[in-house]
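The values are calculated or read from the model by the stated rules, or taken from the named source; none is laboratory data. Bear in mind the structure is a predicted one, so any value in this text is a computation, not a measurement. Cβ sites come from the backbone with ideal geometry, for glycine too, and all protein chains shown count toward neighbours. The area values use the complete protein model at the heavy-atom level, side chains included, leaving out ligands, DNA and RNA. Shrake-Rupley method; radii C 1.70, N 1.55, O 1.52, S 1.80 Å.
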Amino acid sequence: MKLLTFVLCVVSGLSGLHAQTSAWQPSPRHKQLPIWPGAVPDARSYTGPETVKNTGSTSLVGGRSWTYINNVSRPTMTVYAPKGQNTGAAVVVFPGGGYQILAIDLEGTEVCDWLTAKGITCVLLKYRVPGEEKLPKSGAYPASPEALEDSQRALGLVRFHAAEWHIDPHKIGVLGFSAGGHLVAATSVHFDHRLYPAVDAADKESCRPDFAVAIYPGHLALDENSFRLNPDISRHITLRTPPTFILQNEDDNVDGVQQALSYYAGLKKVGVPVEMHLYAQGGHAFGLRRTKLPATKWPELVETWLTTIGIIPE
């Protein structure tokens, strides 16, 4: 897949060139919490420990480098409290990276800075990424259950702690990029049954998102040249699938426009409220970093959409 090729080229090209550290840590004022209290379901051996690397000058987005994580085996979430007036809404964020790495700042912490400034609690999920074709049963669900298990668990945990974290349990959504955009869709349709045995009281809470945002999503079309939606997604879309916002660029050469269009058509067919924005230019993997192209103004579009569906006030 083009997405896999892109990620492998980035990872292999950057390997050993820039400083790396073990196990990502958020800024000191935020606490990272393990999402599993004990053994992680479907745990497996990895090719090495979790590491954090920076691209340096070899890969710039908006004129800046970005940081990514390899070999996530112990998933965590970091809660970023809203600044100013709390709207009660919360968003669980899934960084992208081809189910092999996580672009933890470009599509993670920088997203939380935006959301919290709008009065929205941000929960950054560091989910497991065994790597497409890197290990048996790896990549996107159903080839691997790990990332979806982590997202289901995180949604339940956020609802379980809603009162403590000053969150409205009926205003909890998901937002993801690229492979994280696929995880948004998978989480939006696979919520009636968890993929793992219940661990504690948090798993009695619903893991259904109340709204969903997929930015340049991948893994949704049946293949690179098809506008048919992946059956594992299409067969599970119902009227309970949450209202969804989709954005993609027509010149995206990693996840082609058919990814967004196939999911949009699948949601429309069932009657799920969906808003989609397509732009002629903008490419892939730009996160929130501004360029001269109109696609990078997508955060304002999402804010407007959230008001129209009643998640945040005007």
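Out of P37, P41, P28, I need the residue that is farther than 28 Å from T296 by Cα, at pLDDT below 90, outside any helix (DSSP H, G or I) and not polar (S, T, N, Q). Which one?
Values: P37 fails: at pLDDT below 90; P41 fails: at pLDDT below 90.
Only one candidate passes the filter, namely P28.
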Given the criteria touching a residue at least 12 places away in the same chain (Cβ under 8 Å), open to solvent by 40 Å² or more (accessible area, probe 1.4 Å), out of contact with any strand residue (DSSP E or B) (no Cβ under 7 Å at 6 or more places or on another chain) and in a loop (DSSP other than H, G, I, E, B), does T291 qualify? yes
Can you tell me which residues in segment 182-202 are within 22 Å of V129 (Cα to Cα) and charged (D, E, K, R)? R194
Scanning segment 139-185 residue by residue, those open to solvent by 10 Å² or more (accessible area, probe 1.4 Å) and modelled with pLDDT under 95 turn out to be A140, Y141, P142, A143, P145
With the structure loaded, tell me whether S226 is farther than 15 Å from Q152 by Cβ and of a type in the set (S, T, Y) or whether it fails that test. yes
Does segment 267-280 contain at least one residue that is in contact with a Leu (Cβ under 8 Å, 6 or more places away or on another chain) and surrounded by 23 or more Cβ atoms within 10 Å (Cβ to Cβ)? no
Name every residue in segment 221-236 that is surrounded by fewer than 22 Cβ atoms within 10 Å (Cβ to Cβ) and of a type in the set (A, V, I, L, M), in order of residue number. L222
Which fully enclosed strands (runs of 3 or more DSSP E) of segment 56-134 have 2 or more residues being farther than 23 Å from E303 by Cα and in contact with an Asp or Glu (Cβ under 7 Å, 6 or more places away or on another chain)? 67-70
Within segment 237-258, identify whether any single residue is open to solvent by 10 Å² or more (accessible area, probe 1.4 Å) and of a type in the set (G, A, S), and answer yes or no. yes
